[in-house]
Amino acid sequence: MKKGIFEEELSVTCPKCSTELTAEAKFCPNCGTPAPKPKVTKPTNQEPLAPQEPLAPQEPSAPQEESAPQEPLAPQEPSAPIDPSVPQGSPESQEQSAASVEVVVPGKTNNKLKMIIAAALLAVVLIGSAVTYSMFFMNNPKNMYLLAEYKAAESVMAEFTSKFAEEIEFNSKLSETPSTNTTKISGNFDVKNDFGEFEMFQEILDQAVITINTKSDPKKEANTASLALKMDGESAIDLDLYQSSKQVALKLPFLSDDYYYLNLKQYGEFMRMIDPSYDGPEEVQVRGKDLNGLSLTEKEIEQIEESYKGYLDEALKEEYFTLKKNVEYKHDGEKLKLRQITLKMSEKQTEAFINGFIDKLIADKKLHSILAKRVVEVNEVSAFQENAKFTDKAYVEKEIKTALKDIKAELKDASYPAGFKSVLLIDGDERIIDRNMKFAVNAGNEDFNFNIATKNVPLDKENSYRELKAEVTPEDEAEGKLALTLSNKLTQEKTKQTDNFKANIIFEEYETVVADYDFTMKTVTKGEKPGKQDIVYDFKLKLDGDSFYGSTPILSGKIKQMNDISVNDKKWNQKYDVDVNIKDEQFGATVSLMLDSKTKLVDKVSLPKLSKSNSQNILDLTDEDMMEIMMELQNSIFSLFEDMGMGYY
């Protein structure tokens, strides 16, 4: 290579393992250490660079398979300037400017326990590690595959964030700012057949209106709620609830003006009043908790990148990947020219990858700490913990390691008869249009075949078709199958979006359909802004199969939603109008519900102050007091039914 206007080539070495790096490298491909900035000497011969000849257009050619290089890649030379005559996003431009691809890395990536831990660890690792690959992408099948998978995950996250950005931000504010909410619920119940036992529920729903008012102060870790039930316009039941980090309290105005409270540290004592054999937690935590901290921090992502990039780079060898160009792809009249990248591992290679990966997880104390921190945070929110030990980070870390070791032991005799094969069809922007993964697992002398396929086909600039199919079959497919199919055809017209979603789950045994669940839903969303929209959902769920003994229950209906949310205006108003029809061969009913919710972010809220003059500790009540309260409550309920003309029930 000519040195051009520089005295020396812009090469540097890794400060950790001394591998020679290219000038463009941001990380060491051997160990993953961030690359130092190259030291450049001053220019000498000031000869201008010769102008670059534009790339000649490539003639369409038959798909040809390219095997990945078997030898380690030599240090790369600086790339030529991007030719503006080549359309950016085309395969030619990807090959011309591979080293210049820039991918925006998000700052944050939004526990039976064994499998949940393993799945969470796997997801955390793969997301974090894929980020590293995206930052020094080179145009070979292996890195093209990894970049495409990274971009697919990034696209899903970006789409979710864009669609629910206002809701996410508002919920974040709710976790740190005082707020008020008023919710009204009303409805009716209509039974098509003459079933007397449903008449009471029909009358109650037709007359009932429930109003719930809440006030919350996250900083004080306290909130209050009042519930009022009106029947045919008349007040029927009123109650007030209060909760803080130290107490829970209840006031029933028709019984007393006092609150009946329980100190959370006395929970065990209270439970033994009810059940002398109680042997559960002595204290209960009822507290607000900001769960925004469940997202990965930038530092945690960097730790995962550093730890797993090297392993994945070594374990997923370049010879596992092959590339075909100009593969013709057809869907519903659409024709595309795509690149096909295949990842294929043999039985032994698949076994080595999985075992090595689990060994890596078992040894990774930093990852155990990252996951344990989140397990603790989730369990600290739970009021009634089945096992208080899961709020101890050191204990959770130990359990994670133990669970991973158990998984390794259980997989000791497992084999993967067909190895692993994944085929991606990608466009010029590294977007996955079609994906197909196949593998088989032999465990306990039984073989199970897994097939997972996805589609994300652009129908035009605004419209697309998406599909997910997953199927599990035994080695002898005649024995049956379990299959899941999800699809969505999305169309957009300025301020209107229509989603036609379909889902089907089918379980077969020896040609007998045990269960066949079919769900369809058409969603029409109107509105210029995601925070202010009118949405209509038309849905139908059909349940079929031998498990329903000849009956075919159908659940259908319509939901109308009005959503008006604004963080700047400190408000979130929602209205739901729900109609649900339930029917089978013998029964039919219609349920209608109306819900109106208004939430406001405020500067402060007024909360009850419990004192000796307005409250009583439940533990101080005698058996006679408790009996009197229960009798008053029972009499009030009977009076309510009589007022509604339902005393005979």
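The values are calculated or read from the model by the stated rules, or taken from the named source; none is laboratory data. Note that the structure is predicted; figures quoted are calculated from it, not measured. Cβ: placed from backbone, ideal geometry, glycine included. Neighbour counts: every protein chain shown. Just so you know, the surface numbers come from the protein's heavy atoms only, side chains and all, with ligands and any DNA or RNA stripped out. Shrake-Rupley method; radii C 1.70, N 1.55, O 1.52, S 1.80 Å.
A Cβ distance below 9 Å, combined with a sequence gap of six or more or placement on separate chains, defines the contacts here; from segment 470-499, residues that are assigned to a loop (DSSP other than H, G, I, E, B) reach residues that are open to solvent by 20 Å² or more (accessible area, probe 1.4 Å) and among the hydrophobic types (A, V, I, L, M, F, W, C) in the pairs Glu475/Phe448.
A count restricted to segment 551-575 and to residues that are open to solvent by 50 Å² or more (accessible area, probe 1.4 Å) and within 20 Å of Thr520 (Cα to Cα) stands at 3. With respect to the stated conditions, Glu269 fails to be in a helix (DSSP H, G or I), at negative phi and open to solvent by less than 30 Å² (accessible area, probe 1.4 Å). Residue-level check: of (1) under 27 Å from Lys529 (Cβ atoms); (2) out of contact with any helix residue (DSSP H, G or I) (no Cβ under 6 Å at 6 or more places or on another chain); (3) not aliphatic (A, V, I, L, M), Trp572 misses just (2). The set of residues in segment 335-367 being open to solvent by less than 10 Å² (accessible area, probe 1.4 Å) and within 24 Å of the chain's Cα centre (by Cα) consists of Leu361, Leu367. For Leu296, state whether it is hydrophobic (A, V, I, L, M, F, W, C), open to solvent by 70 Å² or more (accessible area, probe 1.4 Å), within 33 Å of the chain's Cα centre (by Cα) and at pLDDT below 90. Here the answer is no, as Leu296 does not meet what is asked. Of all the numbered requirements in (1) in contact with a helix residue (DSSP H, G or I) (Cβ under 7 Å, 6 or more places away or on another chain); (2) part of a helix (DSSP H, G or I); (3) open to solvent by 40 Å² or more (accessible area, probe 1.4 Å), Glu305 misses one, and that requirement is (3).
Within the option set Asp194, Asp190, Asp257, Asp279, being open to solvent by 50 Å² or more (accessible area, probe 1.4 Å), outside any loop (DSSP other than H, G, I, E, B) and modelled with pLDDT under 95 holds for one residue only, Asp190. When segment 309-334 is filtered for residues that are under 17 Å from Met437 (Cα atoms), open to solvent by 20 Å² or more (accessible area, probe 1.4 Å) and of a type in the set (Phe, Trp, Tyr), only Tyr320 remains.
Within the span defined as segment 172-186, one or more residues are acidic (Asp, Glu) and modelled with pLDDT of 85 or more.
Do we have any residue at all in segment 489-500 that's more than 22 Å from Ile432 (Cβ to Cβ), aliphatic (A, V, I, L, M) and open to solvent by less than 60 Å² (accessible area, probe 1.4 Å)? No, segment 489-500 has no match at all. Restricting attention to segment 464-471, does a residue exist that is among the aliphatic types (A, V, I, L, M) and at pLDDT below 95? The answer is no, given that none of the residues of segment 464-471 is among the aliphatic types (A, V, I, L, M) and at pLDDT below 95. Taking segment 436-465 as the range and being in a loop (DSSP other than H, G, I, E, B) and open to solvent by 50 Å² or more (accessible area, probe 1.4 Å) as the test, the residues that pass are Gly444, Asn445, Asp460, Lys461, Glu462. The residue list Leu621, Leu607, Leu633 contains one member that is closer than 28 Å to Gln243 by Cβ, modelled with pLDDT of 90 or more and open to solvent by less than 60 Å² (accessible area, probe 1.4 Å), which is Leu607. Total residues in segment 466-482 satisfying the condition of being open to solvent by less than 50 Å² (accessible area, probe 1.4 Å) and within 21 Å of the chain's Cα centre (by Cα): the figure is 2. Quick check: anything in segment 555-567 under 30 Å from Glu509 (Cα atoms) and not in a strand (DSSP E or B)? No, there is no match, as no residue in segment 555-567 is under 30 Å from Glu509 (Cα atoms) and not in a strand (DSSP E or B). Across segment 368-380, the qualifying residues are those that are of a type in the set (Val, Ile, Thr) and open to solvent by less than 50 Å² (accessible area, probe 1.4 Å), and the one among them that is nearest to Lys309 (Cα to Cα) is Ile370.
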